[in-house]
Amino acid sequence: MMNRRSIVVIATVAAILAAVIPLLSIAGYARHRAIQVETEHLKAYSGWTLQRAEQNFSQARHVFDMLEQDAWAACSPAHIARMRELTIDSQSVDEIGYFVDGQLACTSWGPVQQDIGIGVPSATLVDGYALYLHITPFVTGGAPLLAISRGDYNVLMKHERLVDVLTDTKMTLGLATLDGQLIAMSRKADGALSQALARGLADGHDQDLMYASAENTHFRAFAITDRSTAFDRMDQELLLLIPLGAGMSVILIGLVVWISRQHLSPQGALQLAIKRKAFVTHYQPIIELATGQCAGAEALVRWRQPDGSFVPPDMFIPLAERTGLIEPLTDLVIQRVVDDLASMLRREPSMHVAINIAACDMQSGRFLPVLSRALRGAGVAPTQVWLEATESGFMDVNAARATIDQARQAGHAIAIDDFGTGYSSLSLLQTLPLDALKIDKSFVDAIGTQAATSIVVPHIISMAHGLRFRIVAEGVETAAQEAYLREAGVQFVQGWLYSKALPLEAFLAFYKARNQRRTAPPPDTEATGLTPPPASPSAG
Ligand SMILES: Nc1nc2c(ncn2[C@@H]2O[C@@H]3COP(=O)(O)O[C@H]4[C@@H](O)[C@H](n5cnc6c(=O)[nH]c(N)nc65)O[C@@H]4COP(=O)(O)O[C@H]3[C@H]2O)c(=O)[nH]1
């Protein structure tokens, strides 16, 4: 588990990010969206500009069709009158010219005396049309016009007419030939950009301007606007999206607070640790006094911290019991013990391991199927697994009896742990079909002292003998205690005199060393059972 300081730092950083990221994402999204929408807007206007140009172009085509329908006497009054009539009827066409042998012979205004050649077209369109971009009308004078020619005729029209589309925001519309010659612009705009767009520059934006274009078979049209237009749009989008971003920030911050509380509250931390299976079991050897051999071990759970240290069970078992987390924890311990010791238990059929069972589990018996599944899967005999519970586990006698019966039928031995520290010990011992009694360390400590409890120890032992219980004395620390217990007929001992609780590897090594030595003919120490344990990492 991380320490509080790291959690607070991480939670603070996460909360700041949770507050800022949604707002930045929303701003980024709004910017992207605004540019996208404005590009589509410009593209739509480019399309409408093309439509407008085509309308003008089709009016020119109509004029040509009308004139070519009849065989006119060239520049006759009727011919000129017809040209004038068509000029007046058409909204787009300002003047019509008629050429003979490449020389302007007459216009919709009348015959032409001057020597005016047709000239070289600026661009040739499909369908046999030619474009002359800047023709100065010689009759009316004035600003240059655009000429479209077909056959012997040309029609003149104002450039701006091709791009006179009403826009809803400020923008410049432009029209060009497909080979990149600029025909008309609705307003003045950046020259280099307009030329580039006329030549087919793709949609996009620079520091100041945004632009998009569209094409048809005759023309290319484009639209240019200031980027501020898009940013105005972005402001509107942002206004709509900010509550959404703020809502997301609040949800994320709430999540961060919830997760950090999970980590910071002891219950939350324990819950997470169970979820992450952050527990190991250490094994405290149990010594058989008659042989001095290691007869088994008590499994003692430890909560592993990220820095490699361990939290002892006294620090979290009571919390686990209060909060109901003891149940998944018991299951974890069962699985861990089986994973750790299965092969050794299979190899050493006389060895046993004792697992602590919490009071509520002892009363419900809920863990028994879990244990039986785990043992069956690993091929371990249930007789090799002892179950230890303190007196509180047996308080509800009927419930406890059901669990004990089931457990014993399965083959487990049941031990009453920390005997003498709780209430109603005597009646419990007589009422329940128990197999073993563990004398609490506080009684063992009293051996050979003047403490009042020292008087009780022989009575506990003789009572256990009377009930035919196996006896395990816990917390044996001195040779004198061991000598007393041996004399009193206690079969098993457990305590720092032999070994503290050991990590798995160290326990396996202890077991091997201890039992190998004991099978060899005994040195002097053999008779006392006081062989010092091999040097091993202490973890108890
Ligand atoms: N000073 C001293 N201490 C000795 C000596 N010999 C053994 N001990 C300590 O006494 C405790 C014996 O376990 P316990 O009475 O079952 O008492 C256990 C048991 O009630 C509970 N516990 C441990 N593991 C589990 C578990 O897996 N499930 C449940 N429900 N409770 C557990 O936590 C208690 C404390 O366990 P630990 O801290 O490992 O402490 C262990 C052990 O390290 C000694 O010679 N001197």
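The values are calculated or read from the model by the stated rules, or taken from the named source; none is laboratory data. Worth saying up front: this structure is predicted, and the values here are computed from it rather than measured. No Cβ is skipped: glycine too gets one built from the backbone with ideal geometry, and neighbour counts run over all protein chains shown.
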Taking only pairs six or more apart or across chains, which ones have beta-carbon atoms under 7 Å, a first residue in the stretch 70-81 that is of a type outside the set (K, R), and a second residue that is part of a loop (DSSP other than H, G, I, E, B)? A78/W72; H79/W72; H79/A73; I80/S108
For V256, are the conditions met, namely being crowded, with 17+ Cβ neighbours inside 10 Å, within 14 Å of the ligand (Cβ to nearest atom), more than 30 Å from Q207 (Cβ to Cβ) and not small (G, A, S)? no
Only one of (1) free of Cβ contacts under 8 Å to residues at least 24 places away in the same chain; (2) more than 13 Å from the ligand (Cβ to nearest atom); (3) of a type outside the set (A, V, I, L, M, F, W, C) is not met by R322, so which one is it? (2)
Mind listing whichever residues of the stretch 214-247 are hydrophobic (A, V, I, L, M, F, W, C) and touching a Ser or Thr at 6+ places or on another chain (Cβ under 8 Å)? A214, F219, A221, F222, A223, I224
Among the residues of the stretch 400-416 satisfying the criterion of being within 16 Å of the ligand (Cβ to nearest atom) and more than 11 Å from L434 (Cβ to Cβ), which is surrounded by the most Cβ atoms within 10 Å (Cβ to Cβ)? H412
Would you check which residues across the stretch 49-60 are touching a residue at least 12 places away in the same chain (Cβ under 8 Å) and within 12 Å of I148 (Cβ to Cβ) and list them? A53, N56, F57, Q59, A60
When the residues of the stretch 463-522 are filtered to those that are among the basic types (K, R) and more than 29 Å from V280 (Cβ to Cβ), which remaining residue is surrounded by the most Cβ atoms within 10 Å (Cβ to Cβ)? R486
Determine, yes or no, whether T172 is of a type in the set (S, T, Y), modelled with pLDDT of 95 or more, assigned by TED's automatic domain parsing to the domain that holds R52 and buried (at least 18 other Cβ atoms within 10 Å of the Cβ). yes
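Kindly establish whether E482 is away from the ligand (no atom under 16 Å from the Cβ) and among the acidic types (D, E).
On the way: away from the ligand (no atom under 16 Å from the Cβ): no; among the acidic types (D, E): yes.
Spelling it out, it is not the case that E482 is away from the ligand (no atom under 16 Å from the Cβ) and among the acidic types (D, E).
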When every residue in the stretch 295-312 that is closer than 30 Å to A483 by Cβ and either more than 10 Å from the ligand (Cβ to nearest atom) or not charged (D, E, K, R) (or both) is compared, the one modelled with the lowest pLDDT is P312
Which condition breaks for C360 when tested against (1) of a type outside the set (D, E); (2) farther than 20 Å from K438 by Cα; (3) modelled with pLDDT under 95? (2)
Of G420, G448, the only residue that is farther than 30 Å from L341 by Cβ and in contact (Cβ under 8 Å) with a residue 12 or more places away in the chain is G448
Quick one: in the stretch 277-309, which of the residues that are β-branched (V, I, T) and surrounded by fewer than 22 Cβ atoms within 10 Å (Cβ to Cβ) is nearest to A506 (Cα to Cα)? V280
Give me the residue from the stretch 259-282 that is touching a Leu at 6+ places or on another chain (Cβ under 8 Å) and away from the ligand (no atom under 16 Å from the Cβ) and, out of that set, modelled with the highest pLDDT. Q271
Please specify each residue of the stretch 139-159 satisfying the condition of being at pLDDT below 90 and closer than 19 Å to V63 by Cβ. V139, T140
For the stretch 305-409, please list each of the helices (runs of 4 or more DSSP H) lying entirely inside it that holds at least 2 residues being within 17 Å of K277 (Cα to Cα) and hydroxyl-bearing (S, T, Y). none
Those residues of the stretch 129-157 which are surrounded by fewer than 17 Cβ atoms within 10 Å (Cβ to Cβ) and either among the aliphatic types (A, V, I, L, M) or not in a strand (DSSP E or B) (or both) amount to T136, F138, V139, T140, G141, G142, A143, P144, G151
Can you spot a residue in the stretch 454-466 that is within 13 Å of the ligand (Cβ to nearest atom) and of a type in the set (A, V, I, L, M)? no
Across the stretch 304-319, what is the total count of residues that are in contact (Cβ under 8 Å) with a residue 60 or more places away in the chain and among the aromatic types (F, W, Y)? 1
Hey, Q516 near the ligand (Cβ under 10 Å from one of its atoms), without any contact (Cβ under 8 Å) to a residue 40 or more places away in the chain, more than 18 Å from A299 (Cα to Cα) and of a type outside the set (S, T, Y) or not: no
Any residue at all in the stretch 283-294 that's polar (S, T, N, Q) and away from the ligand (no atom under 15 Å from the Cβ)? yes
